[in-house]
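Here's the structure, in structure tokens; my notes come after.
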Amino acid sequence: MAMPRKSEAVHELQGTRPHYSTTGAHTSHIEGGRPKAPRWLTPVAAKKFRELAKQLVARRVATPGDADLLVLAATLWERWRIASDHVLAEGAIVTVQYFSKTGTPYTRERKNPHLEVAQVTEKQLLSVLQQLGLTIATRDKAKMTNSGGEPSEQKSFADAYLEGVASSRIIPMKPEHTDD
């Protein structure tokens, strides 16, 4: 027969940590916060950045570290819109004029190059939106950020490294030589 699960209070008294999650499966140790848009974004991209950031904040999964991915998503979205507008105006197939070796012109129908830009950008944008948890398939996988009520137990890499270095060895320092 299996041992009964210890309560959180017993773990605290014994100085142990439970193997099961006490904060919930969908809570992250990372502090939440609103990502800030850089000033160099175009007005259209900045508007999209704010829309996406607002969605992340409403779901309580936004962190300041999401800003770079949001910039990428907003920039890709703007590029996709421009390419899509060209495709709507010119069509998916365009007529291109070429010249033969003798210099006589002839025309051919080709795939619109803006259509290729739009298709590639759509794939890249979908990938970024999946990483942000803004698609139907990934929105439930995004963990909510720490509300700030309880401090995060994890230390930053730099703090943990420096703490380990300081405790493992002592680095002797040479005294400064001063001429009196």
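The values are calculated or read from the model by the stated rules, or taken from the named source; none is laboratory data. These numbers were taken from a predicted model, which means no experiment stands behind them. Cβ: placed from backbone, ideal geometry, glycine included. Neighbour counts: every protein chain shown.
Worth pointing out:
- Residue 175 fulfils the conditions (1) at pLDDT below 60; (2) more than 21 Å from residue 35 (Cβ to Cβ); (3) assigned to a loop (DSSP other than H, G, I, E, B); (4) not hydroxyl-bearing (Ser, Thr, Tyr) except for a single criterion, (1).
- Any hit, the range 63-81, residues being touching a His at 6+ places or on another chain (Cβ under 9 Å) and in contact (Cβ under 8 Å) with a residue 24 or more places away in the chain: no
- Residue match in the range 35-58 (condition: free of Cβ contacts under 8 Å to residues at least 40 places away in the same chain and among the polar types (S, T, N, Q)): yes
- Applying the criterion of at least 3 residues that are more than 27 Å from the chain's Cα centre (by Cα) and loosely packed, with under 11 Cβ neighbours inside 10 Å to the strands (runs of 3 or more DSSP E) found wholly in the range 77-153 leaves 93-99, 105-111.
- Filtering 132, 126 for residues that are in contact with a helix residue (DSSP H, G or I) (Cβ under 6 Å, 6 or more places away or on another chain) and at pLDDT 85 or above leaves a single hit, 132.
- Which numbered condition residue 40 fails, given (1) surrounded by fewer than 12 Cβ atoms within 10 Å (Cβ to Cβ); (2) more than 23 Å from the chain's Cα centre (by Cα): (2)
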